[in-house]
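Note sheet for the following structure.
The values are calculated or read from the model by the stated rules, or taken from the named source; none is laboratory data. Note that the structure is predicted; figures quoted are calculated from it, not measured. Using ideal geometry, Cβ is built from the backbone for each residue, glycine included, and neighbour counts are taken over all protein chains shown. Side chains are part of the model used for accessible areas, which takes the heavy atoms of the whole protein and leaves out ligands, DNA and RNA. Shrake-Rupley method; radii C 1.70, N 1.55, O 1.52, S 1.80 Å.
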Amino acid sequence: PYLSNRKGYGMVLASLPVGEWHTGWVRDAMYGVVALARMGHHEESRMALEFFLNAEPVGKFKSYVRNQDYRISVVRYFGNGEEEADYSGQPTPNVEIDGWGMMLWAARQYVDASGDVAWLSKRTRLGPTVLDALTQGVGKPLSANLEPSGIAKADSSIWEVHVENDKHFAYTTMATIRGFCDLAAMLKKGGRDTESQTYRDLSTKARAGFFAAFLDREGAIA
């Protein structure tokens, strides 16, 4: 059960105590969630995903993401489930939206590996179903943070360069492409064909934008 001021149930840590990084990063956790799902540890994978959907307060850094409401932290979490953006002594935080696309990827990996399609209709602690939370709280803000070309906007990404050094990183756009594709697949499983096609089209556009923006003259990723 959740304690009134503790929403950390299911959080995957980047390292175990007393390791230096014993806190919950979005990106690190998603690789763990997918590994758990693929190994057959479905309950643990689901618990970790539900942490992200149930944690709060989240959305503290919306001014950095085009004033979009969002469900998944832009970096990591305190132990009580509160969102934290990593300043590390710098004047601006890290804002990493690659984790949003990765959340959609990890959720689909769980559904496909476990066969638990019913999970998409489960109510989250904050009210919406899992599929609604993924669509409105992850897919929608991610789609609002694309450039006209379809690539993801400049962010701190996996390199954690802080907002003052934001760039258009290939990693973030690749996570976005994959995430939109996976959300489309989950919406299809949920019988929401029109929304599924919307995100499939967004994935296709982001993919085309990626190849236009990140390939050099020899066809290698720059």
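Only one of the listed residues (ARG207, ARG217, ARG200) is of a type in the set (Lys, Arg), more than 30 Å from VAL117 (Cβ to Cβ) and open to solvent by 90 Å² or more (accessible area, probe 1.4 Å). That residue is ARG217. Only residues that are assigned to a loop (DSSP other than H, G, I, E, B), surrounded by fewer than 18 Cβ atoms within 10 Å (Cβ to Cβ) and not aliphatic (A, V, I, L, M) were counted in the range 9-53, giving 9. Within the range 151-191, the set of residues being outside any helix (DSSP H, G or I) and open to solvent by 10 Å² or more (accessible area, probe 1.4 Å) comprises ILE151, LYS153, ALA154, GLU160, VAL161, HIS162, ASP166, LYS167, HIS168, PHE169, GLY190, GLY191. Give me the residue from the range 129-150 that is assigned to a loop (DSSP other than H, G, I, E, B) and out of contact with any strand residue (DSSP E or B) (no Cβ under 8 Å at 6 or more places or on another chain) and, out of that set, most open to solvent (accessible area, probe 1.4 Å). So, considering only residues that are assigned to a loop (DSSP other than H, G, I, E, B) and out of contact with any strand residue (DSSP E or B) (no Cβ under 8 Å at 6 or more places or on another chain), the one most open to solvent (accessible area, probe 1.4 Å) is PRO148.
One residue stands out in the range 55-73 among those that are within 15 Å of SER156 (Cα to Cα) and free of Cβ contacts under 8 Å to residues at least 40 places away in the same chain: the one that is least open to solvent (accessible area, probe 1.4 Å), namely PHE61.
Taking the numbered list (1) within 16 Å of the chain's Cα centre (by Cα); (2) surrounded by fewer than 23 Cβ atoms within 10 Å (Cβ to Cβ) in turn, TRP100 passes all entries but (2).
Tell me, yes or no, whether the range 68-78 has at least one residue that is at pLDDT below 95 and not small (Gly, Ala, Ser).
yes
Could you grab me the full set of residues in the range 81-97 that are surrounded by fewer than 21 Cβ atoms within 10 Å (Cβ to Cβ) and in contact with a Leu (Cβ under 9 Å, 6 or more places away or on another chain)? Those that are surrounded by fewer than 21 Cβ atoms within 10 Å (Cβ to Cβ) and in contact with a Leu (Cβ under 9 Å, 6 or more places away or on another chain): none in the range 81-97.
Restricting attention to the range 89-113 and to residues that are in contact (Cβ under 8 Å) with a residue 24 or more places away in the chain and of a type in the set (Gly, Ala, Ser), the residue that is nearest to LEU134 (Cα to Cα) turns out to be ALA107.
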